[in-house]
1. Look at segment 227-277 and say how many of its residues are in contact with a helix residue (DSSP H, G or I) (Cβ under 7 Å, 6 or more places away or on another chain) and closer than 29 Å to residue 110 by Cβ.
2. Which residues, taken from segment 90-105, are part of a loop (DSSP other than H, G, I, E, B), touching a residue at least 40 places away in the same chain (Cβ under 8 Å) and within 11 Å of ligand 2 (Cβ to nearest atom)?
3. Name the single residue that is surrounded by the most Cβ atoms within 10 Å (Cβ to Cβ) among those in segment 15-32 being touching a helix residue (DSSP H, G or I) at 6+ places or on another chain (Cβ under 6 Å) and in a strand (DSSP E or B).
4. Kindly indicate which of 222, 237, 286 is more than 30 Å from residue 55 (Cα to Cα) and surrounded by 15 or more Cβ atoms within 10 Å (Cβ to Cβ).
5. What's the number of the only condition in (1) outside any helix (DSSP H, G or I); (2) in contact with a strand residue (DSSP E or B) (Cβ under 7 Å, 6 or more places away or on another chain); (3) over 21 Å from residue 51 (Cα atoms) that residue 228 fails to meet?
6. Only one residue in 133, 140 is more than 16 Å from ligand 1 (Cβ to nearest atom), over 20 Å from residue 14 (Cβ atoms) and either touching a helix residue (DSSP H, G or I) at 6+ places or on another chain (Cβ under 6 Å) or at pLDDT 95 or above (or both), so which one is that?
7. Going residue by residue through segment 154-176, is there one that turns out to be within 16 Å of ligand 1 (Cβ to nearest atom) and outside any helix (DSSP H, G or I)?
8. Filter segment 185-202 for residues that are under 19 Å from residue 258 (Cα atoms) and surrounded by 18 or more Cβ atoms within 10 Å (Cβ to Cβ) and give the result.
Ligand code: SF4
Ligand code: SF4
């Protein structure tokens, strides 16, 4: 047996979604594999279900038909009669209620899949990758959090001749990035804030490792598209854009920057997971062109 296939059959990773026909996660038509686990806790995270490497139980009140099945099957007394529905202190994530819920108002998020199983899903759309110049993208969460699984999945995809991309915060030991380098065609590398204090406040961790990794990765000649989410009031001041420009301009190689406007699409997920949305008063930026103009004027190739 091919050694990759043999390893792929036994290595499992925590996945929370696999989306086919994606067009915003790299070139062409892509399959995006969303992995669980992340060392950051960005206030604007639109995938809060990705943060922990474990099951999550989500409850969507709008889908509940009030049949009462969940109350009957939960042996832990963790189902309540109110709109929040789940007593998360008592819940053991057994999943029985979700299995019995007729309207999918209760849903278990996260499962373990082997490299071989993920690869089989990815390969279904190979003809679309070929005609569109697409491929596979690993996202999350932070794919480097499960670095061995990520490495094996990327290697298996390359063996099939696929174009590979990874969405990363760069918040991992350099050795993890270095190990996957030869199996990655495109790094989609997030730069959320250059100011270390702001980064700590907004993302929960220091950015020294992230910035150091960006420099090392650039020096290798890797193809990197840096990406910055524009969060009004957090990282969109003139000084933030100046620091971002200066950082990009001193990298060993030139790279493009993509600006991504803040959105609130993930806010409903917080409620479903029993969490409070951290940015209730922040609105989507009205004019992305203004930010792009400043960065372009600073010498950055901005998408
Ligand atoms: S997952 Fe299990 S313990 Fe948690 S609420 Fe549902 S049935 Fe109860
Ligand atoms: S089983 Fe599902 S639909 Fe029925 S009451 Fe519980 S959450 Fe609502």
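The values are calculated or read from the model by the stated rules, or taken from the named source; none is laboratory data. Just so you know, these numbers come straight off a predicted model, no measurement behind them. Note: ideal-geometry Cβ built from the backbone for every residue, glycine included; neighbour counts use all protein chains shown.
1. Qualifying residue count for the region: 10.
2. Of the residues in segment 90-105, the ones part of a loop (DSSP other than H, G, I, E, B) are 90-95, 101-105.
Subsequent filtering for residues that are touching a residue at least 40 places away in the same chain (Cβ under 8 Å) retains 95, 103-105.
Passing the criteria: 103, 104, 105.
3. We begin by selecting, within segment 15-32, every residue touching a helix residue (DSSP H, G or I) at 6+ places or on another chain (Cβ under 6 Å); these are 16, 18, 28-29, 31.
Then drop every residue that is not in a strand (DSSP E or B), which leaves 16, 18, 31.
Values: 16: 19, 18: 17, 31: 25.
If we take residues in segment 15-32 being touching a helix residue (DSSP H, G or I) at 6+ places or on another chain (Cβ under 6 Å) and in a strand (DSSP E or B), then 31 is surrounded by the most Cβ atoms within 10 Å (Cβ to Cβ).
4. Selected residue: 222, the only one of 222, 237, 286 that is more than 30 Å from residue 55 (Cα to Cα) and surrounded by 15 or more Cβ atoms within 10 Å (Cβ to Cβ).
5. All conditions are met except number (3).
6. On the way: 140 fails: over 20 Å from residue 14 (Cβ atoms).
The match here is 133.
7. The first filter runs over segment 154-176 and keeps only residues within 16 Å of ligand 1 (Cβ to nearest atom), leaving none.
Among the residues of segment 154-176, not one is within 16 Å of ligand 1 (Cβ to nearest atom) and outside any helix (DSSP H, G or I), which makes the answer no.
8. Step one: filter segment 185-202 for residues under 19 Å from residue 258 (Cα atoms), giving 185-195, 199.
Answer for segment 185-202, where residues must be under 19 Å from residue 258 (Cα atoms) and surrounded by 18 or more Cβ atoms within 10 Å (Cβ to Cβ): 185, 186, 187, 188, 189, 190, 191, 192, 193, 194, 199.
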